[in-house]
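Q: Mind looking over this structure? Questions follow.
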Amino acid sequence: MPIDFEKITSLAKRRGFFFQGSEIYGGLNGTWDYGPLGVELLKNVKQAWWRAMVQMRDDIVGVDSAILLNPEVWRASGHLENFTDPLVDCKECKMRWRADHLEGDRCPNCGGELTEPRQFNLIFKTFVGPVEGDAAVVYLRPETAQGIFVDFKAIQGMTRKRLPFGIAQQGKSFRNEISPGNSIFRSREFEQMECEYFVRPEQAGEAYRSWVRERYDWYVSLGMKPESLRLREHEQSELSHYSAGTTDVEFLYPWGWGELEGIANRTDFDLRRHSEFSGKDLSYVDETTSEKFYPYVIEPAAGATRATLAFMCDAYDEAVVNGEQRTFLRLHKSLAPYKVAVLPLSKKENLSAVARQVEKSLRPHFMITYDETQSIGKRYARQDEIGTPYCVTVDFDSLEDHAVTIRERDSMAQERVPIEDLVPVLRDKLSD
Ligand code: GAP
């Protein structure tokens, strides 16, 4: 049964995953702040991606390019001309809508008549330097990809990588979305995780298919249920201006299926255009055959903030425990914000002293939290709700036997472990 999205957003706000940006001023539509738990979850999603895409591979290297790029980049990439969505206005209530997201031809707010669609460019414009004029205009990047293309030749030279190889980047992107919505699913400022994988043109078809499979498998390897995922190939009419083929990994959000990540065959469009516009030759020379050509590019493009939402939705669960309705975030251990919670059974000083010692011994090894308020049952529930995989309980027996109880989130199984073995035992549990 699909979960109620309201439950996710209210948990996100109540426990500090994410919430409306600039809230005390009434917010700013399409912007979100990530609280203490959200920032950990988002960081863990990005770290899992970086590890799989860069650290575990010999054929992909990373980059962190500037967000502000020379404006010519966006002319060459085609974004200034083509990065548009169809916009319609309601003639009655004046609300604006994305035409391709509407069902029917009337205003969803008041039923009024709509204008003819016109193309609206999603790129945010700003100025460098003290003078606001055409000469000073720059754009906030709408994708991280272009920073990779403009550095392609330099990075290939620095690393001496031969085809096929990739360059990966994570970071903020900005789009002036006509209708941001579904909280962090579609926002105006968000984070992307993109890789441009350069191949010989004749290998593009095979590389494209293998990246589609690889990216689908990545979500499953991090605990996402296969029934929450599907692959959908774009119709010709849906393709971006640079794409010869795109497949979306789609997720079953509480409101229905939607894009999670896109894998595109960008052909040699970007390298050719940047060569043309910059006057710098970005072609590649095959060392063995001396053949010179523009590589094709396969691009797995994921949203870090959107994936954070999808992982939360997929992990959300409710169960009755001891007659009480409870919430669980059954996040993969590597994504969970806290790995371990240390919970003294009571606030009594002799117990606190041992619990604080346990906390001190664990803190250098794991992201942990310490909680001594309210009953132990309530504290377990609080940790289950934010996805903490293990709780370590220090009780009065601990004073005698120098052991503590490890309680596992999903099975609720409990195990007694000597304090001196806690670090290796938890490390073992967290790595399986
Ligand atoms: N470089 C290709 C590119 O940017 P895209 O499909 O427009 O492709 C890639 O974006 C991913 O970025 C999407 O699959 C989605 O996860 C994320 N994304 C795009 N627009 C977004 C928005 N407004 N808010 C949150 N995430 C977004």
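The values are calculated or read from the model by the stated rules, or taken from the named source; none is laboratory data. Worth saying up front: this structure is predicted, and the values here are computed from it rather than measured. In this analysis, Cβ positions are derived from the backbone assuming ideal geometry, glycine residues included, and neighbour counts consider all displayed protein chains. Quick note on the areas: whole protein, heavy atoms, side chains included, nothing else; ligands and nucleic acids left out. Shrake-Rupley method; radii C 1.70, N 1.55, O 1.52, S 1.80 Å.
Q: Find how much the distance from S210 to D317 grows on full extension, using 0.36 nm per residue of separation minus their present alpha carbon separation; answer in nm with one decimal.
A: Stretched fully, the S210-D317 segment lengthens by 35.3 nm.
Q: Additional query: Calculate the FRET efficiency for M158 and N29 from the Cβ-Cβ distance with a Förster distance of 41 Å, rounded to the nearest 0.05.
A: Taking R0 as 41 Å, the efficiency between M158 and N29 is 0.50.
Q: HN-Hα J couplings of the range 371-386 from phi, Karplus 6.51/-1.76/1.60, θ = phi - 60°, integer Hz, Gly and Pro as x?
A: Each residue's phi maps through the Karplus curve to give 9, 10, 9, 6, 5, 5, x, 5, 5, 4, 4, 5, 6, 4, 5, 9 Hz.
Q: Under the 0.36 nm per residue contour assumption, what length would be gained going from the current alpha-carbon distance of Q414 and S278 to full extension?
A: Details: separation 136, 0.36 × 136 = 48.96 nm, distance 6.33 nm.
Full extension of this stretch gives 42.6 nm more.
Q: How much of S221 can a 1.4 Å solvent probe reach, expressed as accessible area in Å² and rounded to 10?
A: S221 exposes around 70 Å² with every protein chain in place.
Q: Among all the lysines, which ones have a C-alpha under 23 Å from K378's C-alpha, if same-chain residues fewer than 8 places away are not counted?
A: Reachable lysines: K7, K13, K333, K339, K347, K348.
Q: I'd like the carbon and sulfur percentage of the solvent accessible area for the range 145-204, probe radius 1.4 Å, heavy atoms only, ligands and nucleic acids excluded.
A: The value for the range 145-204 is 45 percent carbon and sulfur by accessible area.
Q: Whose amide H sits under 5 Å from the amide H of W257, counting only residues 5 or more places off or on another chain, with H placed in the peptide plane?
A: Long-range HN contacts for W257: none found.
Q: Please work out the Cα convex hull volume for the chain and give it in Å³ per residue.
A: Considering the Cα atoms of the chain, their hull volume per residue is 194 Å³.
Q: Would you kindly derive the ³J(HN,Hα) couplings of the range 58-73 from the backbone phi angles with the Karplus curve 6.51 cos²θ - 1.76 cosθ + 1.60 (θ = phi - 60°), listing them in order in whole Hz, with x for Gly and Pro?
A: 9, 9, 9, 10, x, 8, 9, 7, 5, 6, 8, 10, 3, x, 4, 4
Q: Would you grab the residues whose amide H sits under 5 Å from the one on G387? Only those 5+ places off in sequence or on another chain, please, with H modelled 1.01 Å from N.
A: Long-range HN contacts for G387: L329.
Q: To continue, here is another question. May I have the pair-distance distribution P(r) for the range 117-200, computed from all Cα-Cα distances with 10 Å bins from 0 and rounded to whole percent?
A: 15, 33, 30, 19, 3
Q: Sticking with this one: Between the helical axis of 422-431 and the dominant principal axis of the chain, each derived from Cα atoms, what acute angle in degrees is found, rounded to the nearest 10?
A: Here the helix axis deviates by roughly 40 degrees.
Q: The range 223-309: which chymotrypsin sites (Phe, Trp or Tyr not before Pro) are DSSP loop and have at most 13 other beta-carbon atoms within 10 angstrom?
A: When the chymotrypsin sites (Phe, Trp or Tyr not before Pro) of the range 223-309 are filtered for loop state and at most 13 Cβ neighbours within 10 Å, W255 remain.
Q: Can I ask one more? Report, to the nearest 10°, how far helix 204-221 tilts away from the longest principal axis of the Cα atoms in the chain, using its own Cα long axis and a range of 0 to 90°.
A: Long axis of 204-221 versus the principal axis of the chain: about 20 degrees.
Q: What residues qualify as long-range amide H neighbours of V404, i.e. H under 5 Å apart, gap of 5 or more or another chain, H built at 1.01 Å from N?
A: V417, I419
Q: Write down the accessible area per residue of the chain in Å², having rolled a 1.4 Å probe over the full set of protein chains.
A: Numbers: 20770 Å² over 432 residues.
Solvent-accessible surface per residue comes out at 48 Å².
Q: Across the range 2-18, in residue order, what do the Karplus-derived ³J(HN,Hα) couplings come to in whole Hz, using 6.51 cos²θ - 1.76 cosθ + 1.60 with θ = phi - 60° and x for Gly and Pro?
A: For the range 2-18, the Karplus-derived couplings read x, 7, 7, 4, 4, 5, 5, 5, 6, 4, 4, 6, 4, 9, x, 8, 8 Hz, x marking Gly and Pro.
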